[in-house]
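Input: a single structure, listed below in structure tokens.
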Amino acid sequence: EIFLQPLRSQLAQVLIIAAFFLTFLDVLFVVGNATIHHEFSSKKMREGIGHKSTSVGAILVGCVIDATISAGIELGYPAPVLASVCSYICLMEIASLLETFGKLNPQFRDSPLYQLLAAAHVMHESEVTG
């Protein structure tokens, strides 16, 4: 019962659905891009499935952490972890979709909108890795 409590939040439900929907769209467009450009590889597909499954695992861990915190156990994390995890996954999937859209449509890649979003993504990546 306590582990389902974080899932009762409307915000958590929306974020989980958004994360899964964006993940689905990313897989759909990546497979389409690979098929169109004759780059489909079962090895890359297995790696992609591994990456996507870690996102699902992170969502489950976030749910467990939130449930544990709501039960009164201090883990050193501020709640809500689940919302933060899902938000981050959504941002990762949006960045991945933009990258794929740029591969599918070079005109989109040259657009001011794409350049703005790509610049924000590059800045974020340098903050994370730097």
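If you go through region 1-49 and pick out every residue that is of a type in the set (Asp, Glu) and farther than 22 Å from residue 104 by Cβ, you end up with 1.
How about region 53-81: which of its residues are farther than 19 Å from residue 9 by Cα and either buried (at least 18 other Cβ atoms within 10 Å of the Cβ) or under 23 Å from the mean Cα position of the chain (by Cα) (or both)?
Going residue by residue through region 53-81, those that are farther than 19 Å from residue 9 by Cα are 53-55, 57, 73-76.
Listed by number, the residues that qualify are 53, 54, 55, 57.
Just one of the listed residues (96, 84) is at pLDDT 75 or above, surrounded by 10 or more Cβ atoms within 10 Å (Cβ to Cβ) and touching a Gly at 6+ places or on another chain (Cβ under 8 Å), namely 84. Reported count of residues in region 32-45, each being surrounded by 10 or more Cβ atoms within 10 Å (Cβ to Cβ) and part of a helix (DSSP H, G or I), is 7.
Of the residues making up region 32-41, none is closer than 26 Å to residue 8 by Cβ and touching a Ser or Thr at 6+ places or on another chain (Cβ under 9 Å). Filtering region 22-30 for residues that are outside any helix (DSSP H, G or I), at negative phi and touching a residue at least 40 places away in the same chain (Cβ under 8 Å) leaves an empty set.
The values are calculated or read from the model by the stated rules, or taken from the named source; none is laboratory data. The structure displayed is predicted, hence computed values, not measured ones. When we count neighbours, we look across all protein chains shown, and the Cβ atoms used for this are built from the backbone with ideal geometry, even at glycine.
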